[in-house]
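The structure appears right after this line, and notes come after that.
The values are calculated or read from the model by the stated rules, or taken from the named source; none is laboratory data. What you are looking at is a predicted structure, and each value in this text was computed from that prediction instead of being measured. Because the Cβ atoms are built from the backbone with ideal geometry, glycine has one as well, and the counts that use them run over all protein chains shown. Ligands, DNA and RNA are stripped out before the accessible areas are found, and what is left, the full protein with its side chains, is counted by its heavy atoms. Shrake-Rupley method; radii C 1.70, N 1.55, O 1.52, S 1.80 Å.
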Amino acid sequence: MMVTRKPRLGEPPPDEATEPPAPAEGIDFDELYHTHFRFLTLQLAAYCGDLSQAQDLVQEAFCRAFARWSRVSRYDDPVGWVRRVAWNLATSRWRRMRTAQSWLRRQRQEHVAGPGPERVALTAALAQLPATQRRAMVLHYLADLSVTQIAEQEGVPAGTVKSWLHRGRVALAVQLTGTREVDDHD
């Protein structure tokens with residue numbers, strides 16, 4: 001039940017946001033939009049707690065009404081249709097967010113240990129090698145390429161690759177262990 005009273009002199013007019021005007025017969029879309037956008041936005045803001053989200057939802061509802069305006073304009077309450085669409089959009093958005101948050105909570109966090117001291121030492125030692133030796137060592141031992149494949153890729157004879165590998169192993173042994181003993185098994 002709504003009680004209305006005549007405004008008194010010196011009083012401001014009643015707030016338009018609390019009492020939207022009733023839709024008139026033969027109302028056009030622009031008039032409906034300008035008359036009811038603010039009121040519907042305030043309703044949705046109270047529901048979802050975010051004014052900008054409410055504005056987006058009401059705007060989307062009005063866009064859908066505009067696309068179907070030939071049909072929606074003949075409804076007894078076109079504002080009610082827009083309101084219902086906006087509320088449905090808000091509910092759908094809330095459900096999607098709840099589903100996404102639920103999915104994220106179910107994901108296991110995989111903790112990957114950082115590199116061990118051996119890995120750090122090897123990386124630092126590899127960084128000290130000349131680029132050709134480092135590339136040969138990485139391709140042979142980490143990428144599992146054969147000497148022939150490395151030679152083809154680098155455009156050098158296989159003997160050169162073997163030389164790079166031998167020199168790289170010797171340099172790594174010196175840096176990592178302090179000895180010059182290298183077991184060749186190529």
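The table that follows gives values for the structure above.
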{"quantity": "Single condition Cys48 does not satisfy, out of (1) at pLDDT 90 or above; (2) open to solvent by less than 50 Å² (accessible area, probe 1.4 Å); (3) not aromatic (Phe, Trp, Tyr)", "calculated": "(1)"}
{"quantity": "Test: residue in the stretch 91-107 that is within 30 Å of Phe39 (Cα to Cα) and touching a residue at least 12 places away in the same chain (Cβ under 8 Å)", "calculated": "yes"}
{"quantity": "Residues satisfying the stated conditions in the stretch 61-80, i.e. over 13 Å from Tyr33 (Cβ atoms) and touching a residue at least 12 places away in the same chain (Cβ under 8 Å)", "calculated": "Asp77"}
{"quantity": "Subset of the stretch 125-150 (residues that are open to solvent by less than 60 Å² (accessible area, probe 1.4 Å), within 22 Å of Gln175 (Cβ to Cβ) and of a type in the set (Gly, Ala, Ser))", "calculated": "Ala125, Ala131, Ala136, Ala143"}
{"quantity": "Leu89 being under 27 Å from Leu42 (Cβ atoms), under 24 Å from the mean Cα position of the chain (by Cα) and not polar (S, T, N, Q)", "calculated": "yes"}
{"quantity": "Options Arg84, Arg71: the member that is touching a helix residue (DSSP H, G or I) at 6+ places or on another chain (Cβ under 9 Å) and either surrounded by fewer than 16 Cβ atoms within 10 Å (Cβ to Cβ) or among the small types (Gly, Ala, Ser) (or both)", "calculated": "Arg84"}
